[in-house]
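Written below as structure tokens is the structure these notes are about.
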Ligand code: RP5
């Protein structure tokens, strides 16, 4: 699994994806890649992702968030875009920049912020689970723990 982000300042958000991948014991590599500050690295990373046969690339970016779309143009590895919550527009800019890809080069787009980062990792795990039974078992166990945590909440006593 590849996890990339447009800036070190996106790390706190993307940590959500890394936590999930670690919980599910899915190997990953992390890079800061910027579509505007390091544009030359995008084709290199796209080719690397194909060479390593990465299942997906989770790409987080904020503001004029062109990293996921640009990266998707340089690789056939599926790109899962995470809109980072920007200060100026609360991530609406990031969301619209990532989700509104013109037809031809798709980017799967998730919610703004940490929820999106976590769900991108869970989505990637679900894709892996279609062919990897060990990941399937760990993902099922993760969901079962989540359900149990709700059931164990004293707030629900008596339901
Ligand atoms: C984007 O610009 C990054 O993804 C980040 O969310 C945003 C701001 O970057 P910094 O100025 O904090 O490096 O490229």
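Derivation of every value follows stated rules applied to the coordinates shown; laboratory data play no part. Keep in mind the model is a prediction, meaning the values are calculated, not measured. Glycine gets a Cβ as well: all are built from the backbone with ideal geometry, and neighbour counts include every protein chain shown.
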_Contacts under 8 angstrom Cβ, first residue in segment 63-75 being over 13 Å from residue 50 (Cα atoms), partner in a loop (DSSP other than H, G, I, E, B) and more than 12 Å from the ligand (Cβ to nearest atom), 6 or more apart_ = 68/107; 69/101; 69/105; 69/107
*How many residues does segment 1-38 hold that are surrounded by 13 or more Cβ atoms within 10 Å (Cβ to Cβ), in a loop (DSSP other than H, G, I, E, B) and within 13 Å of the ligand (Cβ to nearest atom)?*
6
*Restricting to segment 84-103, what's the tally of residues that are over 16 Å from residue 9 (Cα atoms) and in contact (Cβ under 8 Å) with a residue 40 or more places away in the chain?*
0
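Report the residue count in segment 94-118 for those that are in a helix (DSSP H, G or I) and either touching a strand residue (DSSP E or B) at 6+ places or on another chain (Cβ under 7 Å) or surrounded by fewer than 18 Cβ atoms within 10 Å (Cβ to Cβ) (or both). Please lay out each step first, then the result.
Applying the first criterion (in a helix (DSSP H, G or I)) to segment 94-118 yields 94-99, 114-118.
Add one more test, that the residue is either touching a strand residue (DSSP E or B) at 6+ places or on another chain (Cβ under 7 Å) or surrounded by fewer than 18 Cβ atoms within 10 Å (Cβ to Cβ) (or both), and what stays is 94-96, 98-99, 115-117.
Adding up the residues that qualify gives 8.
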